[in-house]
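Notes follow once the structure below has been shown.
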Amino acid sequence: MTNSNLISELKRITKTNNKGYYEYNGKEYKKIVATPHESQNKFKYVSEYYFLVEPITWNIIEDKNEGTFTLMSDKILFSQKFNLKDYEGSDFKTSFIIEWLNNTLIYDMFNYDERLKLVKNIEFDKNVYFESIWTIKNSLWRKRFNPQASPTDYAIASGLVYYQNKPLWWTSSKSEGNY
């Protein structure tokens, strides 16, 4: 966010709502201290930034014909470590990130009524998870959309990793962990 008047007003706010957002003029803002990946220069390291909380656009990548759908955002929404320590392995079922998705992020992304409608994935026994690379590559969604998702500024400021100038994103597949 670059509007200096708005940033000044947000800096005056000392309390956040129950989701940890700053509220101003009917809108919510998330404040973070930037930790961008070394390959990115859009944000300054360890500087504060405010991001407008906006609705997420979801694409249906799988229709299970039972009134349930697999959804995928058209953006890379955040950057988060797969595990807190490198030696903890690459099994998505036991990773830090699946716990973070279901114990933290789920409350930021979905209200109470929406959380009640979420169906647990049988394989992971979780409501929010990353799809497998196979599903992404073979879904109808891929045929309609470019699977190389673009990142949000929030994800970039949070440390999104790039490889050959393309943002990487996690899947639940063991051997092909990012796309």
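At a glance:
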item	result
Hits in the range 42-58 - residues which are surrounded by 16 or more Cβ atoms within 10 Å (Cβ to Cβ) and in a strand (DSSP E or B)	TYR49, TYR50, PHE51
Matching residues in the range 1-36 - criterion: being farther than 19 Å from ILE56 by Cα, part of a loop (DSSP other than H, G, I, E, B) and either aliphatic (A, V, I, L, M) or touching a residue at least 24 places away in the same chain (Cβ under 8 Å) (or both)	ILE13, ALA34, THR35, PRO36
Residue match in the range 116-125 (condition: modelled with pLDDT of 80 or more and farther than 25 Å from PHE96 by Cβ)	yes
Given (1) under 15 Å from the mean Cα position of the chain (by Cα); (2) of a type in the set (A, V, I, L, M, F, W, C); (3) more than 22 Å from LEU160 (Cα to Cα), index of the condition ILE60 fails	(1)
When residues of the range 101-122 are limited to those that are of a type outside the set (Ser, Thr, Tyr), free of Cβ contacts under 8 Å to residues at least 12 places away in the same chain and farther than 15 Å from ILE56 by Cα, the one surrounded by the most Cβ atoms within 10 Å (Cβ to Cβ)	ASN121
Selected residue (criterion: nearest to LYS166 (Cα to Cα)) from residues of the range 26-43 that are touching a strand residue (DSSP E or B) at 6+ places or on another chain (Cβ under 9 Å) and small (Gly, Ala, Ser)	SER39
Of all residues making up the range 55-76, the number that are free of Cβ contacts under 8 Å to residues at least 60 places away in the same chain and in contact with an Asp or Glu (Cβ under 6 Å, 6 or more places away or on another chain)	2
Qualifying residue in the range 43-55 (condition: within 26 Å of ILE7 (Cβ to Cβ), at pLDDT 80 or above, within 12 Å of the chain's Cα centre (by Cα) and not small (Gly, Ala, Ser))	no
Odd one out for GLU62, checked against (1) part of a strand (DSSP E or B); (2) under 30 Å from VAL33 (Cβ atoms)	(2)
Options SER39, SER79: the member that is among the small types (Gly, Ala, Ser), surrounded by 14 or more Cβ atoms within 10 Å (Cβ to Cβ) and either out of contact with any Asp or Glu (no Cβ under 9 Å at 6 or more places or on another chain) or in a strand (DSSP E or B) (or both)	SER79
Meets criteria (surrounded by fewer than 16 Cβ atoms within 10 Å (Cβ to Cβ) and on the phi < 0 side of the Ramachandran plot) for SER132	no
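The values are calculated or read from the model by the stated rules, or taken from the named source; none is laboratory data. As the structure is a computational prediction, the values presented were derived from the model and not from experiment. Note: ideal-geometry Cβ built from the backbone for every residue, glycine included; neighbour counts use all protein chains shown.
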